[in-house]
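Participant: My questions all concern the structure below.
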Amino acid sequence: MTYAEMLIDIAALCEKPYRAKQLFAWVYKRGVEGFDAMTDISIAFRERLKDLYCIKGLKVLDVRTSIDGTRKFLSELDDSNRIESVIIAEGSRLTLCVSTQAGCALGCRFCMTGAGGFMRNLTLGELTGQVFSAKAMLEPDERLTNVVLMGMGEPLANYDNVVKFTGILIDGQGFGLSHNKVTVSTAGLVPAMERFMEESNCSLAVSLNATTDEVRDRLMPINRKYPIDEVITALRAFKGAGKRHVTIEYVVLRDVNDSADDAHRLAQLLRGVPCKINLIPFNEFPGAAFKSPDNQRVNAMSKLLQDHGYTVIVRASKGQEIQAACGQLRGWRDEAKA
């Protein structure tokens, strides 16, 4: 529940509004697992709460750890659907990659998640549950510094729950992250992008992956509904809102979108867009229709884009051997440990 939802329920129980603030902080900031731990709430009220509500995390079935320290965990939901989440360590940063849907309906051809089809959106409790599960796995000296909504699913297709979730992430009485440490990724759902840019101050990442509609149509079916020009136009309006930069995500596929011409076209497309560019070398998976790019071509693209004045990051793939890297999450049902 959000703080606003707790306020409504507390009023219905004829309790003072400050009780909602107490409950919200106990659950999200302090991470208690039961009502008995809420020592500044009367025993009588705690008993009422037990009759009406529960505090419950996700059922984690399996955890896999990569040689680079990346941890991927599989959770089973109440309806037996399964999702994957990833904890990524990089220097002083510890990032949790959250899934927002069970499966994905967009069918991007370079992504393993979409190959399994779409089941449903995740609830707010299932989104926050991934944070609780991740925190339970951390060592005493570890602390989550960033959350990215880049796991299974299209976050902006689960708009209401995602915006509620990001609000809890950045609330000082919630998980307490800075708004610039929370990033929501999208394949380019333009109306939802525009709404998000107005209603949230968290960061936005847009998965572009091509410089022509012909190629993007082939890679990402959503482009037939929201082509490149519409996506870029929405991002240019973002600048007019006087807010933060966006991240352009570009999965680099061998002999598909990795040429010098692609780099020059990308630079021209993004003129006037306040952005940085993440080049993501494609992570191959069994049955994939594409190949990982040559490192020299990725580096050449990076240099060309930098020469055009862009900030460019070539994203290192983490957790490849446990299929925890970008585009590899799928909810591994058959292999899971019971």
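Any read-out appearing in this document is the output of simple, stated calculations on the displayed coordinates, not a laboratory observation. Since we're looking at a predicted model, the values are computed, not measured. So basically every Cβ, Gly included, is an ideal-geometry build from the backbone, and we count neighbours across all protein chains shown.
Participant: Alpha carbon centre of region 67-91 versus region 218-234: separation in Å?
Facilitator: 30 Å
Participant: A further question on this structure: Using only the alpha-carbon atoms, how far is helix 124-137 inclined from the longest principal axis of the chain? Give it as 0 to 90 degrees, nearest 10.
Facilitator: Compared with the principal axis, the helix lies near 90 degrees.
Participant: Compute the long axis of helix 190-199 from its Cα atoms, compare it with the longest principal axis of the Cα atoms of the chain, and write down the angle in degrees, 0 to 90, nearest 10.
Facilitator: In the chain, helix 190-199 runs at an angle near 50 degrees to the longest axis.
Participant: Can you give the angle from 0 to 90° between the axis of helix 3-12 and the longest principal axis of the chain, with both taken from C-alpha atoms, to the nearest 10?
Facilitator: 30 degrees
Participant: Using 0.36 nm times the number of residues separating ILE8 and SER259, minus their current alpha carbon distance, what extension gain do you get?
Facilitator: Working: separation 251, 0.36 × 251 = 90.36 nm, distance 5.54 nm.
Residue separation times 0.36 nm, minus the Cα-Cα distance, leaves 84.8 nm.
Participant: Through the Karplus equation 6.51 cos²θ - 1.76 cosθ + 1.60, θ set to phi - 60°, convert the phi angles of region 279-287 into ³J(HN,Hα) values in whole Hz; use x for Gly and Pro.
Facilitator: Rounded to whole hertz, the list is 8, 10, x, 4, 9, 5, 9, x, x.
Participant: Calculate how many DSSP beta bridges within the chain are antiparallel, expressed in % of all such bridges and rounded to the nearest 5.
Facilitator: Here the share of antiparallel DSSP bridges comes out near 45 percent.
Participant: Check which residues have an amide H placed less than 5 Å from LEU94's amide H, if you skip close sequence neighbours.
Facilitator: Here the answer is THR145, ASN146, since their amide H atoms fall under 5 Å of that of LEU94.
Participant: Once both labels are modelled 7 Å past Cα along the beta-carbon direction, what's the VAL314-SER178 spacing in nm?
Facilitator: 2.8 nm
Participant: Name the most mobile residue of ARG297, ARG109, ARG46, meaning the one with the largest mean-square fluctuation, in a Gaussian network model of the chain with Cα contacts below 10 Å.
Facilitator: Maximum among the listed residues: ARG46.
Participant: Which residue fluctuates most in the GNM of the chain (Cα springs below 10 Å): ILE168, ILE313, ILE67?
Facilitator: ILE67
Participant: Next up: 222 nm [θ] for the chain, helices only, -39500 (n - 2.57) per DSSP H run of 4+, per residue, to 500?
Facilitator: Values: 11 runs with 114 residues, N = 338.
The helix contribution divided over the chain gives -10000 deg cm²/dmol.
Participant: Modelled label-to-label distance, ASP68 and ALA237, 7 Å Cα→beta-carbon offset: nm?
Facilitator: 3.7 nm
Participant: Follow-up. Given 0.36 nm per residue, what is the gain on full extension from GLN296 to ARG195 after removing their alpha carbon distance, in nm?
Facilitator: Contour length minus the Cα-Cα distance gives 32.5 nm.
Participant: A 30 angstrom limit on the alpha carbon distance is what I want to check against. Which of LYS164/LYS276; LYS56/LYS291; LYS50/LYS135 exceed it? Walk me through the numbers on the way to the answer.
Facilitator: Numbers: LYS164/LYS276 26 Å; LYS56/LYS291 41 Å; LYS50/LYS135 24 Å.
Violating the 30 Å Cα-Cα cut-off are LYS56/LYS291.
Participant: Report, ordered by chain and residue number, the aspartates and glutamates lying within cross-link reach of LYS16, taken as a straight Cα distance under 18 Å and ignoring same-chain residues fewer than 8 apart.
Facilitator: The reachable aspartates and glutamates, counting only those whose Cα sits under 18 Å from LYS16, are GLU5, ASP40, GLU47.
Participant: Could you give the nm distance between label points at MET137 and ALA44, where each point is 7 Å from its Cα heading toward the beta carbon?
Facilitator: 4.4 nm
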